[in-house]
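Student: Quick one: the structure is below, questions incoming.
The values are calculated or read from the model by the stated rules, or taken from the named source; none is laboratory data. The structure presented is a predicted model; accordingly, all values stated were derived computationally and were not measured. When we count neighbours, we look across all protein chains shown, and the Cβ atoms used for this are built from the backbone with ideal geometry, even at glycine. Note: areas computed on protein heavy atoms with side chains; ligands, DNA, RNA excluded. Shrake-Rupley method; radii C 1.70, N 1.55, O 1.52, S 1.80 Å.
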Amino acid sequence: MIKALHIDKSFGTLRVLKDVCFTAAPAEVVSIVGASGAGKSTLLQILGSLSRPDSGKVLIDGTDIFSLGEKPLAAFRNRSIGFVFQFHHLLPEFTAVENVMIPALIAKTPRAAAKARAEELLALLGLEGRFTHKPSELSGGEQQRVAIARALVNQPNVLFADEPSGNLDSKTKESLHRLFFELRDRFGVTIVIVTHDPSLAAMSDRTVEISDGQIVS
């Protein structure tokens, strides 16, 4: 599902990624671990098309994503890739349902269908009573579930998560970790997670360790 070949990335004179090769199979959950500054988030951003490498290529479901122009790449990202971040990035003026609907509306899904899909996902994630709540009215765990529903609304092949439980208490964190595997089993989505949490990494199908810009195990 994901194949990254010989990825190099520098910021000024700092070489952050050094000839990195990475793969993830369909419906596989892969954790990327390593010390702060090792290059984990940079790799995730490149795999998710949010940042371009200096050299190398990334294929997602057979598409060479960086061979696409900006508009086709944005359309591919919207349709095929979901993102979950440590900070939820929900729009404060919109309700939970409206936040989840946004990627579907960008993809020109009819409004009624987008709303139905958003409500279905929120209900699946245990937020039946929160459809009309705005982010300020939700707990941190509830906000993260809204963000996960938003990431899944267009039925992507791949979900990227960057420290998704970093701001949550231990009980909420455990629930969120189990949720990723339930979603993989239900939707068959490939999930790549950058994490410092050893319990989440241990649950994954495979763990990849990065040190000083290179995969070491």
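Student: Leaving ligands, DNA and RNA out of it, work out the accessible area of PHE131 with a 1.4 Å probe and give it in Å² to the nearest 10.
Tutor: Using a 1.4 Å probe on the heavy atoms, I get roughly 50 Å².
Student: How about LYS9: which lysines have a C-alpha closer than 21 Å to its C-alpha, ignoring those fewer than 8 places off in the same chain?
Tutor: LYS18, LYS40, LYS57
Student: Mind listing the phi-derived Karplus ³J(HN,Hα) values for region 12-26, rounded to whole Hz, using 6.51, -1.76 and 1.60 with θ = phi - 60°, and x for any glycine or proline?
Tutor: The phi angles translate into x, 8, 8, 8, 8, 10, 10, 6, 7, 10, 8, 9, 9, 7, x Hz.
Student: Summing Lys, Arg as +1 and Asp, Glu as -1, what charge do residues with Cβ under 13 Å from the Cβ of ASP205 carry, ASP205 excluded?
Tutor: Charge balance in the 13 Å sphere: 0.
Student: In degrees between 0 and 90, to the nearest 10, how far off the longest principal axis of the chain does helix 111-124 point, with axes built from Cα atoms?
Tutor: Around 80 degrees separate the two axes.
Student: Would you work out the charge dipole size for region 76-149 about its Cα centre, treating the Cβ of every Lys and Arg as +1 and the Cβ of every Asp and Glu as -1, and quote it to the nearest 20 debye?
Tutor: Dipole size: approximately 360 debye.
Student: Another question, if that's okay. For helix 96-106, report the angle its Cα long axis makes with the longest principal axis of the Cα atoms of the chain; keep it between 0 and 90° and round to the nearest 10°.
Tutor: Roughly 60 degrees between the two axes.
Student: Please name whichever of VAL58, VAL16, HIS89 sits farthest to the positive end of the charge dipole of the chain, dipole taken about the Cα centre and charges placed at Cβ: Lys and Arg +1, Asp and Glu -1.
Tutor: Going by the Cα projections, it comes out as VAL58.
Student: So, one more: In whole angstrom, note down how far apart the Cα centers of region 1-36 and region 64-81 are.
Tutor: A separation of 19 Å, based on Cα centres.
Student: Give the ranking of THR190, THR13 by solvent-accessible surface, highest area first, calculated with a 1.4 Å probe.
Tutor: Ranked list, largest accessible area first: THR13, THR190.
Student: So what's the back-of-envelope 222 nm ellipticity for the chain, counting only DSSP H runs of four-plus at -39500 (n - 2.57) apiece and dividing by all residues, rounded to 500?
Tutor: Theoretical 222 nm ellipticity from helices: -11500 deg cm²/dmol.
Student: Taking the chain as the reference, fit the longest principal axis to its C-alpha atoms, fit the long axis of helix 70-80 to the helix C-alpha atoms, and give the angle between the two in degrees, 0 to 90, nearest 10.
Tutor: So the helix axis and the longest Cα principal axis differ by about 60 degrees.
Student: Rounded to the nearest 20 Debye, what is the dipole magnitude of region 105-217 about its Cα centre when Lys and Arg each give +1 and Asp and Glu each give -1 at the C-beta?
Tutor: Its charge dipole is roughly 600 debye.
Student: Follow-up question, since we're still on this one. Region 135-217: Rg/Rh from Cα coordinates, Kirkwood Rh?
Tutor: Rg/Rh for region 135-217 comes to 0.98.
Student: Along Cα→Cβ, 7 Å out, is where each label goes; now give me the distance between the ones at SER175 and SER51 in nm to one decimal.
Tutor: Between SER175 and SER51, the simple spin-label model gives 3.3 nm.
Student: Separate question: Using a 1.4 Å probe on the protein heavy atoms, what percent of the accessible area of the chain belongs to carbon and sulfur?
Tutor: Looking at the chain in its full context, I get 52 percent from C and S.
Student: Accessible area, 1.4 Å probe, largest first: how do ASP8, ASP19 sort?
Tutor: So the residues, ranked largest to smallest area, are ASP19, ASP8.
Student: Here is a further query. Express the accessible area of the chain per residue in Å², computed with a 1.4 Å probe while the remaining protein chains stay in the model.
Tutor: I get 46 Å² per residue for the chain.
Student: Using a 1.4 Å probe, how large is the accessible area of VAL216, given in Å² and rounded to the nearest 10?
Tutor: Only protein atoms counted, so the area is about 80 Å².
Student: Taking the C-alpha atoms of the chain, how large are the radius of gyration and the largest Cα-Cα span, Dmax, in Å?
Tutor: Expressed in Å, the Cα Rg and Dmax of the chain come to 17.0, 51.
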